[in-house]
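Undergrad: Here you go, one structure.
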Amino acid sequence: MKQNKKSKVALVRCESYDTDQVESAVNEGLQLLGGIQEFIDSDDYVLLKPNLLSGHTPEEGVTTHPAVFRAVAKAALQASNNVKFGDSPPKGNPEKIATTAGLMQVADELGFEFVSFEDGEYVFYKDDQQTRKFKIANQVLKSDTLINVSKLKTHNLTRITGAVKNVFGCVSGLEKPEFHLKLPLTPDFSRMLVELCLLLKPDLHIMDGIMGMEGDGPNAGKMRPTNVLLFSRDPVALDTVFSSIINLKPSKVASNSIGKEMGLGNIDFDNIELVGDDLESFIVEDFDVYRGMGDELKPRNPILRMKFLKNWLSRKPVIDEQLCIKCGECIEQCPTDPKSLSREKNTDIPEYNYHTCIRCYCCQEICPEMAIKIDTPLLRKIVDYFYN
Ligand code: SF4
Ligand code: SF4
């Protein structure tokens, strides 16, 4: 499949989470794409898919902010009265997570429901692709219009978590960690994300970039105002614009380059039509995102990968002992067998086995105290210096 048409990406400035300001900015962004009716028919079942990574309050900047979610939901409800929302966070009770994130309250106020992504069924993609089948949440399969409402954040595996990566939450239940295990290298994992997007074809992508997260995202980074809301039908074009805003070459994001190669969307600005506020006005030159060499460095041979270059060259998760509350959730979440995190007693801080750790950063995503940081070895810093 080739993507020849220009992809439209709307950028709208919004500098606070004030409900009225956000609502007006969301409506402006939707108008720039032709209005919400372009995406929703009156009898459609509309499913909103926010980012509900784990149990964090809106002030922590980890999840889609309720003001953005509210404005998108209000617009969707104007077009159809059958609107619901759901997500499949990696761990924990999704309803509780949605309540902590403030989204359940929005749904209650506007009169629409949360739906569980727990039940799913296998859907076959294509025989000749890397990932031939995905277990997709039934509610996603039932929906007529899927609106993906992501959050602008960094990610230690994929550099960014944007429109393409947010779709991963449509995979039902506990299948997600297995993908990390099967596809430990970023290009392979990113190809799977692109294949998932091609399979599900979300109708509209909206990104909450009013407050971004830099550094150790998607959970333990620092909040940084980026003052933007992004809108597009094309998740690759949207992530390309997001990459540019944080001063990261778009092709350094594997899901952007693979997304272009596989026809999911556009990465070249010649093929992206920018509408709304000026992209240049949003660029944060010193945004803290990993710009070094990616998994190109890791040998594909698993023995070499485990034994040799890995511990000299790989970035690695480390636990900040001051922040750790010894809950053990990171151990539970680790997909390797045996676990790459362990401890002798429940009262101990977990320790890493860096020889078996595949650097999927699932432990970091789940840590409730944001206690897991990323360490870059000196040799890697030197290599990255020359790479950049
Ligand atoms: S999840 Fe975080 S707080 Fe809990 S044990 Fe692991 S590092 Fe410590
Ligand atoms: S220790 Fe953390 S980064 Fe390493 S494999 Fe386990 S979850 Fe992934």
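The values are calculated or read from the model by the stated rules, or taken from the named source; none is laboratory data. Given the structure is predicted, the values throughout are model-derived calculations rather than measurements. Ideal geometry is used to build each Cβ from the backbone, glycine not excepted, and the neighbour counts take in all protein chains shown. Surface areas here come from the heavy atoms of the whole protein model, side chains and all, with no ligands, DNA or RNA. Shrake-Rupley method; radii C 1.70, N 1.55, O 1.52, S 1.80 Å.
Undergrad: With the full set of protein chains in place, find how many percent of the accessible area of region 238-300 is carbon and sulfur; take the probe as 1.4 Å.
TA: Carbon-and-sulfur percentage of accessible area, whole number: 45.
Undergrad: Please work out the Cα center distance from region 147-210 to region 116-139, rounded to the nearest Å.
TA: Value for the Cα centre distance between the two parts: 14 Å.
Undergrad: Where both residues lie in region 1-148, what percent of DSSP beta bridges are antiparallel, nearest 5?
TA: Working: 5 of 14 bridges.
Among the beta bridges of region 1-148, antiparallel pairing accounts for roughly 35 percent.
Undergrad: Could you give the dipole magnitude of region 7-282 about its Cα centre, charging the beta-carbon of Lys and Arg +1 and that of Asp and Glu -1, in debye to the nearest 20?
TA: On the way: 27 positive and 39 negative charges, 186 e Å.
With Lys and Arg at +1 and Asp and Glu at -1, about 900 debye.
Undergrad: If you roll a 1.4 Å probe over region 146-215 with all protein chains in place, what percent of the accessible area is carbon or sulfur? Before the final figure, lay out the partial values.
TA: Details: 770 of 1340 Å².
With neighbouring chains kept in place, the figure for region 146-215 is 57 percent.
Undergrad: In a GNM of the chain with a 10 Å cut-off on Cα contacts, which of LEU110, LEU204, LEU157 has the highest mean-square fluctuation?
TA: LEU110
Undergrad: What do you get for trypsin sites (Lys or Arg not before Pro) in region 75-131 restricted to DSSP loop and a cutoff of at most 14 other Cβ within 10 Å of the site's Cβ?
TA: Those that pass, being in a loop and sparsely packed, are LYS126.
Undergrad: I'd like the GluC sites (Glu not before Pro) in region 336-366 restricted to DSSP loop residues with at most 11 other Cβ atoms within 10 Å, sorted by number.
TA: Working: sites: GLU344, GLU351, GLU365; in loops: GLU344.
Here the GluC sites (Glu not before Pro) that fit, given the DSSP loop and packing criteria, are GLU344.
Undergrad: Of the GluC sites (Glu not before Pro) in region 92-128, which ones lie in a loop per DSSP and count no more than 15 other C-beta atoms within 10 Å?
TA: Values: sites: GLU95, GLU109, GLU113, GLU118, GLU121; in loops: GLU118.
Those that pass, being in a loop and sparsely packed, are GLU118.
Undergrad: Right, something else. Which one, VAL194, VAL62, VAL275, has the greatest fluctuation when you compute a Gaussian network model over the chain with C-alpha springs under 10 angstrom?
TA: VAL275
Undergrad: Another question about this same structure. Karplus couplings for region 282-289 from phi (6.51 cos²θ - 1.76 cosθ + 1.60, θ = phi - 60°), rounded to Hz, Gly and Pro as x?
TA: With coefficients 6.51, -1.76 and 1.60, one gets 9, 5, 10, 4, 9, 4, 7, 9 Hz.
Undergrad: So, one more: Where the centroid of each part is defined by its Cα atoms, how far is region 224-262 from region 63-92 in Å?
TA: 22 Å
Undergrad: Where the accessible area of region 2-90 is counted over protein heavy atoms with a 1.4 Å probe, how much of it, in %, is carbon and sulfur? Kindly include the intermediate steps, with their values, before the conclusion.
TA: On the way: 1380 of 3540 Å².
The computed percentage sits at 39.
Undergrad: Given the options ARG13, ARG224, ARG343, which has the most mean-square fluctuation in a GNM of the chain, springs set between C-alpha atoms less than 10 angstrom apart?
TA: Fluctuation is largest for ARG343.
Undergrad: Next question. May I ask you to give the average projected area over all directions of the convex hull of the Cα atoms of the chain, in nm² rounded to one decimal? Let's see the in-between values first.
TA: Values: hull surface 72.9 nm².
In nm², the orientation-averaged hull projection of the chain is 18.2.
Undergrad: With every protein chain left in place, what is the accessible area per residue of the chain in square angstrom, probe 1.4 Å? Please report the intermediate quantities before stating the final value.
TA: Values: 16520 Å² over 388 residues.
Each residue of the chain exposes 43 Å² on average to a 1.4 Å probe.
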